[in-house]
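Everything below concerns the one structure shown next.
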Amino acid sequence: MHQSPNDKNHYRDITLDNQINVILVQDQAVQRSAASLAVRVGHFDDPADREGLAHYLEHMLFLGTKDYPRVGEFQTFISQHGGSNNAWTGTEHTCFFFDVIPEFFEQALSRFSQFFVSPLFNQEALDKERQAVNSEYQMKIHDDSRRFYQVQKELVNQQHPFAKFSVGNEETLCDRESGSIRDEIIQFYQSHYSADLMSVVLVGPQSLDELETMATRLFSAVKNNHLHAKTVTTALLTQNEQQLYVQVEPEKDARKLSLSFSFPNMEQHYATKPLSYFAHLIGYEGPGSLTLLLKNKNWVTSLAAGGGISGSNFREFTIGCLLTAEGLQHIDDIVEAIFSYMKLVFEQGIESWRYVEKQAVMESAFRFQESVKAIDLASYLVMSMQRFPIQEVLYGDYRMSEFDRSLIESFIPYFCVENLRVWVTAKELEYDRQAKWYFTPYSAQKFSDAQIQRWKNPTHFAEFALPSKNPFICYNLDPKPLQTEQSLPRLIEELPGFRLWHLQEPEFRVPKGSLYIAIDSPCSVNTPQNIIKLRLCVELFMESLSRQSYQAEIAGMSYNIYAHQGGLTLAISGFSEKQPQLLHMILEKFAARHFEQQRFDTIKTQMLRKLRNASKDRPLSQLFNHLSGILQPNNPPAGVLAKALEEVSIEELPEFVSTLLGKLYVEMFVFGDWTQEAAQGIADELKDALRVDNQKYKESLRPLVKLGNNGTFQHEIHCDQDDSAVAIYYQGTDSQTGTIATFTLANHLMSSAFFNEIRTKQQLGYMVGTGNMPLNRIPGIVIYVQSPVAAPIDLVASIDEFLNAFYMVLLELTEAQWQNSKQGLLNQIMAPDNNLRTKGQRLWVSIGNKDKEFNNRELVVEHIRTLTRVDMIRFVVNQLKPRTANRLVMHTQGNQHHDAPPLQLGQEIGSIEEFQLMPKDIELG
């Protein structure tokens with residue numbers, strides 16, 4: 001196997017007697033073992049009269065087998081032993097995966113393997129899980145990506161399996177007079193799931209011989225039905241579906257243009273990646289680019305090239321734009337400009353040095369590939385085995401073997417008007433059809449003769465130019481010698497209003513690094529007006545940078561600037577050699593800041609649309625947005641920010657930036673392949689760029705409303721959607737390690753039992769769970785359900801019933817289950833960093849949390865070790881049981897439940913402004 005020099009794992013590939021291909025991975029440092037199985041079965045295989053059956057089967061395989069018949073047993077076992085599990089069903093593949101602490105890997109794998117040997121298809125579980133599939137369908141019925149996808153399905157050759165409805169619902173999966181669906185799902189399973197369509201990956205600290213023994217013993221019983229030769233031969237598109245101009249109405253206020261060109265499957269060309277080459281040039285954003293021309297004309301706000309649907313006998317190449325209101329009036333002009341730029345690419349852009357640049361970037365990424373979590377590696381590799389030869393599964397996505405001009409040029413004819421479909425997504429267009437299942441209004445008509453002639457003979461644009469050589473590609477790719485054996489960040493400079501932390505990373509020896517720069521400015525977060533001005537300035541600055549920074553991103557560097565409760569943060573990561581160059585460019589742009597009216601209008605409109613569209617988000621997302629907005633005054637909900645943004649004018653921004661710089665506090669962390677001298681040098685450049693006359697230094701406060709001993713508060717959000725939803729938040733009294741430990745363990749103990757009760761048994765909804773929800777360092781737990789079948793009053797009743805009985809669940813745990821569950825959590829918390837990036841993020845969070853000794857994690861772990869079952873029962877009874885709890889209940893009553901009684905519980909929060917006058921916890925950092 002072609003393996004990265006930076007990859008310390010040991011690999012072995014084997015084929016079992018039943019023809020399952022297996023990759024075994026020994027990672028001696030891994031804290032959780034993982035397994036994944038992929039099978040070449042997806043919704044393309046659904047019977048025409050049972051759409052969604054493959055997806056339904058994926059759900060059912062988790063719910064009982066001959067050796068482990070109890071419904072929910074697998075999930076409970078995984079959760080109690082520090083793991084997680086999931087699965088997905090795609091067009092032609094279904095993938096299952098889990099992780100667990102290594103001591104219990106073989107036991108978990110025994111349960112997992114039986115999904116594919118002896119599933120029971122319990123009748124009661126079938127009925128309940130059909131509701132889960134239906135809830136999943138209902139939950140996304142207003143999701144614009146799903147609505148658009150359904151239109152795509154209706155505008156392909158209806159004989160192609162892509163045309164089928166993939167999710168399924170209670171209509172397509174119902175029992176019929178002829179009998180229960182159980183017989184059909186068993187028949188589907190027996191006739192489609194086959195060992196020779198499967199790939200398996202096992203990752204763990206065990207030796208390769210031990211892993212091979214497990215794989216052979218547990219997966220050899222999977223039946224081989226000899227289906228490996230199955231193929232899809234029907235064409236995705238015929239002439240009837242080509243040259244279509246499609247208009248689609250979205251739920252949210254959005255304007256998008258997409259050009260899709262149809263190609264054959266391209267997997268055989270993975271080693272040269274011709275479409276990736278085209279995407280790289282067409283998607284260029286720098287001087288002379290297509291993107292910049294369209295932005296300067298105020299027609300688009302962004303452009304991307306290269307994505308699209310794909311399958312075993314088709315591949316789409318898409319060029320997508322987000323449009324301005326003006327751009328919506330110039331669709332034909334934009335399409336013409338795209339063809340004009342592509343003509344330049346095809347005539348002058350097929351050059352070996354451009355390919356070599358892209359090749360160098362991919363090789364660098366592979367050479368210094370960083371490790372990932374075992375579950376991510378397993379689920380990635382198991383799908384790579386379905387795509388690449390076994391020796392290329394690690395390398396296939398990175399490989400660009402050689403510049404092949406004739407091969408690249410052979411695909412140019414596919415970028416023609418005859419092979420084009422144009423998709424316009426926007427409100428208030430003309431629609432004459434409605435898509436099934438998602439009820440999407442749309443229209444489709446053939447291109448006019450005028451359009452065809454114009455796009456075949458596009459105007460030449462003098463502004464167009466191809467990208468110049470990339471100055472950010474790094475060729476000096478050896479990490480610098482270590483100066484010290486320092487293992488934790490050190491504060492190397494502290495001045496009024498400025499702190500500089502540094503760590504030359506000793507563990508992950510790669511030529512990469514990260515710069516984190518937090519700029520606190522109290523005046524930028526003291527009112528909703530200033531909060532939105534800060535976000536507007538960030539968006540304007542990011543947009544102005546994009547035309548110059550595109551080359552840096554192509555070369556393997558990334559940057560982000562984001563606003564938060566204290567001010568804003570700039571983060572830069574990637575290869576460290578050229579990071580000073582990127583930072584210098586960013587600071588130069590900042591020094592020359594000026595605000596253009598056209599860009600201001602475009603970005604402001606874009607932000608307003610996004611904020612207003614939040615009211616179309618799924619109900620649970622809206623509850624969480626309002627929950628944080630109510631409790632964190634520096635983080636107002638979307639509606640408040642939209643109202644504030646409406647009043648902002650461009651004339652206010654220069655004075656706002658000056659005020660921001662006049663009172664600030666900067667904390668910087670230089671991490672990775674950086675010497676102390678280099679860190680000090682870029683810190684000096686940053687200080688010079690931010691210095692102004694009469695500057696004052698002050699860190700921002702981050703207030704959090706305390707619920708106190710006031711019982712239950714409740715607040716209703718009106719979402720105007722079919723589903724109801726509830727989110728119940730419990731808040732810690734302080735940020736001491738003991739409080740954090742107790743909340744963390746309580747959530748860990750509850751999560752699997754709650755899911756099993758509310759979703760698997762009661763089938764109240766698809767989105768069901770509990771989660772840790774720390775706000776401003778104060779720990780918290782949130783319990784949530786979104787439901788198409790129950791109103792808030794019923795959801796809260798079910799949640800309260802669960803909480804009232806949960807202490808009994810703790811009492812019934814055996815001592816071994818109690819200890820294993822705790823140990824699983826401890827393993828999760830203390831899991832070592834997988835790579836440089838995750839370690840840098842963890843240390844940066846510690847700096848932000850004022851954890852100057854970088855040991856809060858260890859202190860929490862030590863406290864969890866001391867917690868007894870009695871401690872947790874006392875916590876549940878005193879703090880979570882409804883009668884005694886101090887909590888905030890957020891809820892929304894769905895349109896399907898208007899006839900249900902309204903939820904009347906505790907104290908209604910009428911005025912948020914008045915509620916925010918309650919006592920607050922005030923934290924720095």
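The values are calculated or read from the model by the stated rules, or taken from the named source; none is laboratory data. Everything numeric here is computed off the predicted structure, so don't read it as measured data. Counting neighbours? That spans all protein chains shown, and the Cβs are built from the backbone with ideal geometry, glycine included. Please note that ligands, DNA and RNA were not included when accessible areas were found on the heavy atoms of the full protein model with its side chains. Shrake-Rupley method; radii C 1.70, N 1.55, O 1.52, S 1.80 Å.
The table that follows gives values for the structure above.
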read-out: The lone exception for TRP88 - which of (1) surrounded by 22 or more Cβ atoms within 10 Å (Cβ to Cβ); (2) aromatic (Phe, Trp, Tyr); (3) within 26 Å of the chain's Cα centre (by Cα) it fails; value: (1)
read-out: Failed condition for SER751, given (1) closer than 23 Å to PRO788 by Cβ; (2) of a type outside the set (Phe, Trp, Tyr); (3) at pLDDT below 90; (4) open to solvent by 30 Å² or more (accessible area, probe 1.4 Å); value: (3)
read-out: Residue within region 74-91 that is assigned to a strand (DSSP E or B) and not polar (S, T, N, Q) present; value: yes
read-out: Members of region 402-451 found to be of a type in the set (Lys, Arg) and not in a loop (DSSP other than H, G, I, E, B), listed by number; value: ARG405, ARG421, ARG433, LYS446
read-out: Test result for VAL889, surrounded by fewer than 19 Cβ atoms within 10 Å (Cβ to Cβ) and within 29 Å of the chain's Cα centre (by Cα); value: no
read-out: Selection within region 791-846 - of a type in the set (Ser, Thr, Tyr) and either within 21 Å of the chain's Cα centre (by Cα) or assigned by the TED database to the domain that holds ARG509 (or both); value: THR838
read-out: Any chance SER113 is among the polar types (S, T, N, Q) and at pLDDT below 95; value: no
read-out: Near pairs, Cβ below 6 angstrom, 6+ apart or cross-chain, from region 609-620 (hydroxyl-bearing (Ser, Thr, Tyr)) to any residue that is assigned to a loop (DSSP other than H, G, I, E, B); value: none
read-out: Sole exception among (1) open to solvent by 20 Å² or more (accessible area, probe 1.4 Å); (2) modelled with pLDDT of 95 or more for PHE314, by number; value: (1)
read-out: Residues that are open to solvent by less than 10 Å² (accessible area, probe 1.4 Å) and β-branched (Val, Ile, Thr), drawn from region 390-426; value: VAL393, ILE408, VAL417, VAL422, VAL424
read-out: Any chance ALA29 is under 26 Å from MET385 (Cβ atoms) and either in contact with a Leu (Cβ under 7 Å, 6 or more places away or on another chain) or crowded, with 22+ Cβ neighbours inside 10 Å (or both); value: no
read-out: Scope region 202-253; condition touching a His at 6+ places or on another chain (Cβ under 8 Å) and of a type in the set (Phe, Trp, Tyr); matching residues; value: none
read-out: Verdict on PHE105 being surrounded by 24 or more Cβ atoms within 10 Å (Cβ to Cβ) and in a strand (DSSP E or B); value: no
read-out: Region 826-839: number of residues that are part of a helix (DSSP H, G or I) and of a type in the set (A, V, I, L, M, F, W, C); value: 3
read-out: Leading residue by the ranking (farthest from LEU825 (Cα to Cα)) among those in region 716-740 that are over 27 Å from the mean Cα position of the chain (by Cα) and open to solvent by less than 20 Å² (accessible area, probe 1.4 Å); value: GLY732
read-out: Condition check for ALA279: free of Cβ contacts under 8 Å to residues at least 40 places away in the same chain, open to solvent by 30 Å² or more (accessible area, probe 1.4 Å) and within 30 Å of SER401 (Cβ to Cβ); value: no
read-out: Given (1) open to solvent by 50 Å² or more (accessible area, probe 1.4 Å); (2) closer than 22 Å to ALA215 by Cβ; (3) of a type outside the set (Val, Ile, Thr); (4) in contact with a helix residue (DSSP H, G or I) (Cβ under 8 Å, 6 or more places away or on another chain), index of the condition ASP99 fails; value: (1)
read-out: Subset of region 208-223 (residues that are in contact (Cβ under 8 Å) with a residue 40 or more places away in the chain and open to solvent by 30 Å² or more (accessible area, probe 1.4 Å)); value: GLU212, THR216, SER220, ALA221, LYS223
read-out: Per-region count, region 653-683, residues open to solvent by 40 Å² or more (accessible area, probe 1.4 Å) and farther than 25 Å from LEU491 by Cβ; value: 4
read-out: Candidate set from region 118-150 (those that are touching a strand residue (DSSP E or B) at 6+ places or on another chain (Cβ under 7 Å) and open to solvent by 30 Å² or more (accessible area, probe 1.4 Å)); member that is farthest from GLY83 (Cα to Cα); value: PHE148
read-out: Hey, ALA38 part of a helix (DSSP H, G or I), crowded, with 20+ Cβ neighbours inside 10 Å and not basic (Lys, Arg) or not; value: no
read-out: Residue check, GLY64 more than 30 Å from SER310 (Cβ to Cβ) and in contact with an Asp or Glu (Cβ under 6 Å, 6 or more places away or on another chain); value: no
read-out: Of all residues in region 479-488 being more than 32 Å from the chain's Cα centre (by Cα) and touching a residue at least 12 places away in the same chain (Cβ under 8 Å), the one that is surrounded by the most Cβ atoms within 10 Å (Cβ to Cβ); value: LYS480
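A quick yes/no check of all residues on (1) assigned to a helix (DSSP H, G or I); (2) open to solvent by 40 Å² or more (accessible area, probe 1.4 Å); (3) under 17 Å from ALA29 (Cα atoms); (4) in contact with a strand residue (DSSP E or B) (Cβ under 9 Å, 6 or more places away or on another chain):
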site: LEU803; (1), (2), (3), (4): yes, no, no, yes
site: VAL809; (1), (2), (3), (4): yes, yes, no, no
site: ALA816; (1), (2), (3), (4): yes, yes, no, no
site: GLN841; (1), (2), (3), (4): yes, yes, no, yes
site: GLU853; (1), (2), (3), (4): no, yes, no, no
